[in-house]
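Q: Quick one: this structure, given as structure tokens, is what I'll be asking you about.
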Amino acid sequence: MFHHKDSLEALNQHLPLKQKIISAHRVIMEKFDFIARIAITLYDPETRILKTYIDSSGGDQPLKHYEALLENAGSLKEILDKGQPRVVNNLVTFEHGKHEHTRRVGRQGYAASYTMPMFHSGRFFGFLFFNSYKPDVFDEKTLKDLDIFGHLVSLIVINELSMFNVMDAALKTTSDITHMRDPETGSHLDRMSRYSRLIAQALAEKYELDDTYIEHIFMFSPLHDVGKIAIPDTILLKPGPLDEKERKIMNNHTSIGRAMIDGIVANFGLDCIEQIDVLKNIAEFHHEAMNGSGYPSGKKGSEIPLEARIVAVADIFDALTSIRPYKKAWSNDEAFNLLKQLAGEKLDSDCVNALINNRVEIERIQQQFQENFYG
């Protein structure tokens with residue numbers, strides 16, 4: 001009666017998303033052994049950028065840490081415009097393709113691919129790729145079966161991203177209840193989250209960061225100051241400098257933020273979110289300093305989680321280059337000079353250099369996410 005074993009039982013377990021994708025890939029290979037890789041890219045509708053996110057392969061990483069405008073990926077844009085998947089049974093010409101991502105796929109040696117657009121409640125959020133080293137493998141019968149597996153994998157990803165959305169919505173709702181009194185704007189969060197991602201991408205090789213970690217930095221960084229909602233108006237909105245007592249109260253926002261996140265994770269059953277510690281570390285430790293003079297724990301150097309070091313640089317840079325009631329916006333050069341002075345003492349030198357060395361991208365982000373003072 002109980003002789004059958006569920007081939008996808010791994011999906012019931014508390015596993016990271018990548019392990020679930022790998023498990024699904026193993027089951028698919030039992031029927032279609034030519035499927036060498038499953039890969040997923042995510043779409044950012046605000047910037048129209050496609051970003052590599054997660055895959056089931058080991059050494060096959062033709063598009064590691066890669067992103068591109070949807071408009072610059074003509075074949076993928078055509079898939080989206082048509083709202084239908086694409087079959088390519090011979091990729092022999094891809095190595096000499098026009099775009100960098102096309103050439104990389106060709107150089108990897110894939111001979112065929114099946115690409116499905118992924119939608120959630122009618123909203124496009126990315127692409128799913130089945131790659132094969134063998135040509136002419138995607139016949140009609142195979143495709144019908146792969147459609148089922150493709151939608152299964154898509155639902156696994158949707159479930160993971162939905163948990164992020166629940167977390168984000170819960171924290172934002174909490175902020176709304178307390179009137180979202182922090183004077184920092186939504187544009188600040190748009191910019192600093194993308195600066196954080198930029199820094200993480202630049203450090204990916206040195207610190208062996210995968211695309212999932214980089215994307216989580218982007219997703220979680222806007223929640224770094226969530227604990228400020230518990231700070232009294234007299235302190236949070238004070239136009240001048242804080243006195244010692246007020247500063248001590250303000251500094252509590254990191255510990256409060258961590259406690260809020262712990263509570264929401266427990267109350268909503270979100271402990272299964274992959275890399276949830278990245279969010280907790282960002283909220284609690286983004287005001288630590290490399291020389292140990294920061295708060296709340298006085299951590300030094302590498303004791304400070306990398307994600308907190310990354311967000312600290314992104315947050316300070318955007319604060320310097322933004323208008324506040326008590327100051328004008330600094331130029332990028334002025335902000336860069338201060339970051340260099342703080343590097344090694346207050347801020348992580350690798351993170352500072354990673355940001356400064358990407359000026360073109362910084363200016364693009366600034367142009368796209370300008371302040372809207374008229375709401």
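The values are calculated or read from the model by the stated rules, or taken from the named source; none is laboratory data. Here the structure is a predicted model, which is why all the values come from computation and not from measurement. All Cβ positions, glycine included, derive from the backbone under ideal geometry; neighbour counts span all protein chains shown. Surface accessibility is based on the protein's heavy atoms, side chains included, excluding ligands, DNA and RNA. Shrake-Rupley method; radii C 1.70, N 1.55, O 1.52, S 1.80 Å.
Residues checked against (1) of a type outside the set (Asp, Glu); (2) surrounded by 14 or more Cβ atoms within 10 Å (Cβ to Cβ); (3) under 27 Å from Lys206 (Cα atoms):
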| residue | (1), (2), (3) |
| --- | --- |
| Met260 | yes, yes, no |
| Ala266 | yes, no, no |
| Glu274 | no, yes, yes |
| Leu279 | yes, yes, yes |
| Glu288 | no, yes, yes |
| Val313 | yes, yes, yes |
| Asp318 | no, yes, yes |
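Q: Considering each residue of the stretch 203-224, count those that are part of a loop (DSSP other than H, G, I, E, B) and modelled with pLDDT under 90, and give that number. Spell out the reasoning first.
A: Taking the stretch 203-224 as the starting set, the residues that turn out to be part of a loop (DSSP other than H, G, I, E, B) are 203, 208-210, 224.
Narrowing further to those that are modelled with pLDDT under 90: none.
Total meeting the criteria: 0.
Q: Return a yes/no flag: does the stretch 264-281 have any residue that is in a loop (DSSP other than H, G, I, E, B) and aromatic (Phe, Trp, Tyr). Let's see the steps before the verdict.
A: Going residue by residue through the stretch 264-281, those that are in a loop (DSSP other than H, G, I, E, B) are 268-275.
Now drop any that are not aromatic (Phe, Trp, Tyr), which leaves 268.
Yes; the residues of the stretch 264-281 include at least one that is in a loop (DSSP other than H, G, I, E, B) and aromatic (Phe, Trp, Tyr).
Q: Just give me the residues in the stretch 296-311 being surrounded by fewer than 22 Cβ atoms within 10 Å (Cβ to Cβ) and either at pLDDT below 95 or part of a helix (DSSP H, G or I) (or both), in sequence order.
A: Gly301, Ser302, Glu303, Leu306
Q: Right, here's the next one. Any residue in the stretch 322-344 that is under 18 Å from Arg359 (Cα atoms) and open to solvent by less than 80 Å² (accessible area, probe 1.4 Å) sitting within a Cβ distance under 7 Å of a residue that is small (Gly, Ala, Ser) and in a helix (DSSP H, G or I)? List the pairs, counting only those 6 or more apart or interchain.
A: Close Cβ pairs satisfying both conditions: Ala343/Ser349.
Q: Would you please name the residue that is nearest to Asp277 (Cα to Cα), looking only at residues in the stretch 231-263 that are aliphatic (A, V, I, L, M) and outside any helix (DSSP H, G or I)? Even if it seems obvious, please write down each step before you answer.
A: Restricting attention to the stretch 231-263, the residues satisfying the condition of being aliphatic (A, V, I, L, M) are 231, 235-237, 242, 249-250, 256, 259-261.
Then keep just the ones that are outside any helix (DSSP H, G or I); that gives 231, 237, 242.
Values: Ile231: 24, Leu237: 30, Leu242: 31 Å.
Of everything passing the filter in the stretch 231-263, Ile231 is nearest to Asp277 (Cα to Cα).
Q: I'm checking my understanding of the structure. Among residues of the stretch 242-275 that are of a type in the set (S, T, N, Q) and under 22 Å from Val311 (Cβ atoms), which one is nearest to the chain's Cα centre (by Cα)?
A: Once the filter is applied, the top-ranked residue is Gln275.
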